[in-house]
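Asker: Handing you this structure, nothing more for now.
No lab work stands behind these numbers, since they all come straight from the coordinates. As the structure is a computational prediction, the values presented were derived from the model and not from experiment. Every residue, glycine as well, gets a Cβ built from its backbone with ideal geometry; the counts of neighbours run over all protein chains shown.
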Amino acid sequence: MTLSFIARNIHESITLKLNETAARLRDKGEPVIHLGGGEPKSKAPIEALIAGAGMLSSGEVRYTPADGIPAMKKAIIRYTEEFYGRLVEPANVMASSGAKQAIMCAMQAVLNPQDEVIFPAPYWVSYPEMAKLCGAIPVAITPEDGRFEPRIEEIEEHVGRYTKLIILNSPNNPSGVTYSAELVSAVVELCEKRGLYLIMDDIYHRLLFDGRRPESCYQYAKDLSESCKIIVVNGVSKQYAMTGFRIGWAVANKKLIEAMTVIQGQQTSGPSALLQCAAVAAMNGPQSGVESLRLTLENNRNVLVDRLRAFDGVNLVVPHGTFYSFPDFSAWEKSSEKLAAFLLDKVRVVVVPGKEFGMEGHIRISYCGSIKDIKEGMERIRWALDPNAPNELYMGGRKLVRDWL
Ligand SMILES: Cc1ncc(COP(=O)(O)O)c(C=O)c1O
């Protein structure tokens, strides 16, 4: 069988694969602790469930316009005004089946084969693969000295005649850091100067800690006309714990949204009527659930950070938001793949190898689960690695004896 060049060069999503591995082991009765997850455990807002159920029971669930139902567009416009201070028109917004599809459509609308897409490392695992799906070339910028924020000069150095697009994701998956205002404003300026598109992937922007507030990239733009090349992407997955609803959106200039809509229309048609209806209810309903999720995550972050700080040799940049941390474990094991496989094998803890995010030596540890899982997971990791830890550990009622240190 001959598969296409693209099919042969695209990698499976490691995070989805790990979810499957964890589920398989759990089905076998293994006491797995999943610290590799990418979704909040809280329930979707009740308003979303009621609205979705109402539409479902009406039996009137039809095709939708390719760019989203009017109520969804209205909700996105209101959201953009509230969080970005910008009044946009319906023709400036497109609803998608998840932020992922919004990013993909934006890439397909602007990239030609051989064009280059720049993003800082560590990066969301999907950016390189999505660029490759367009026949484009991913260019990851790895900041010097293991920092999680590149200097603008490091980005500038990589801008060449084929560069078409820069992607910033802040707060960032997997590091949890927010980029400084200096960096974001310098990137906006660079894009304006060089005529580049800029995707701001803001999917975690309301899940911020320590008093930080979501920031609008538009405040740094000189050109807010219909030739503005900023594409803001967001969605309901993370902030409303609605990952499985698959609703996201993009805000951009009208011509680009029109092109993205044509692409989306030919790929999947408009996003599901049912799920847009639920998303609208979440976005227009009481927002206390977002704040309570944010508070829970901040508390979980604190618990995890305490545990990581007590770990000799582990370097950690304290996350500013999201539900991820990205500690450097290279003092214990240089290969993040080996370390992740070892932790799963010996103590049944799932973490994601940093190599997948473009930074070897690190692992991504999520704190979107329960405090109990975070504490027990970290205790198991410590036991597996630290020769000074007691020789025995009880895991899911089983006694383990360490025979590898
Ligand atoms: C940085 C980033 N962008 C986009 C997405 C996709 O979100 P959605 O579920 O809306 O497709 C994710 C999901 O993990 C993510 O981490």
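Asker: Quick one: how many residues across segment 7-24 are β-branched (Val, Ile, Thr) and not in a helix (DSSP H, G or I)?
Answerer: Matching residues across segment 7-24 total 1.
Asker: Tell me which residues, restricted to segment 84-125, are away from the ligand (no atom under 16 Å from the Cβ) and either acidic (Asp, Glu) or part of a helix (DSSP H, G or I) (or both).
Answerer: The answer is Tyr84, Glu89, Pro90, Ala91, Asn92, Ala109, Val110, Asp115, Glu116.
Asker: Looking only at segment 259-275, which residues are away from the ligand (no atom under 13 Å from the Cβ) and either small (Gly, Ala, Ser) or touching a helix residue (DSSP H, G or I) at 6+ places or on another chain (Cβ under 6 Å) (or both)?
Answerer: Within segment 259-275, Ala259, Met260, Ile263, Gln264, Gly265, Ser269, Gly270, Ser272, Ala273, Leu274 meet the criteria.
Asker: Among the residues of segment 197-205, are any part of a strand (DSSP E or B), in contact with a Leu (Cβ under 6 Å, 6 or more places away or on another chain) and within 13 Å of the ligand (Cβ to nearest atom)?
Answerer: yes
Asker: A further question on this structure: Gly160 versus (1) within 14 Å of Val233 (Cα to Cα); (2) more than 12 Å from the ligand (Cβ to nearest atom): which is the lone unmet condition?
Answerer: For Gly160, the exception is condition (1).
Asker: How many residues does segment 229-240 hold that are within 11 Å of the ligand (Cβ to nearest atom) and touching a helix residue (DSSP H, G or I) at 6+ places or on another chain (Cβ under 6 Å)?
Answerer: 6
Asker: Could you please find all residues in segment 193-224 being in contact (Cβ under 8 Å) with a residue 12 or more places away in the chain and over 30 Å from Cys368 (Cβ atoms)?
Answerer: Arg194, Gly195, Leu196, Tyr197, Tyr220, Ala221, Lys222, Asp223, Leu224, listed by residue number.
Asker: Any residue that is within 11 Å of the ligand (Cβ to nearest atom) and closer than 26 Å to Asn112 by Cβ - is there at least one of those in segment 207-228?
Answerer: No; the residues of segment 207-228 include none that is within 11 Å of the ligand (Cβ to nearest atom) and closer than 26 Å to Asn112 by Cβ.
Asker: Next question, about the same structure. Right, Leu256: hydrophobic (A, V, I, L, M, F, W, C), closer than 26 Å to Ala181 by Cβ, more than 12 Å from the ligand (Cβ to nearest atom) and not in a helix (DSSP H, G or I) or not?
Answerer: Taking the combined requirement at face value, the residue does not satisfy it.
Asker: Does segment 91-110 contain any residue that is crowded, with 21+ Cβ neighbours inside 10 Å, in contact with a Leu (Cβ under 7 Å, 6 or more places away or on another chain) and among the β-branched types (Val, Ile, Thr)?
Answerer: yes
Asker: Can you tell me how many residues within segment 323-354 are basic (Lys, Arg), crowded, with 19+ Cβ neighbours inside 10 Å and more than 16 Å from Ala22 (Cα to Cα)?
Answerer: Within segment 323-354, residues that are basic (Lys, Arg), crowded, with 19+ Cβ neighbours inside 10 Å and more than 16 Å from Ala22 (Cα to Cα) number 0.
Asker: Next question. Limited to segment 356-400, what total is found for residues that are surrounded by 17 or more Cβ atoms within 10 Å (Cβ to Cβ), free of Cβ contacts under 8 Å to residues at least 40 places away in the same chain and among the aromatic types (Phe, Trp, Tyr)?
Answerer: Qualifying residue count, segment 356-400: 1.
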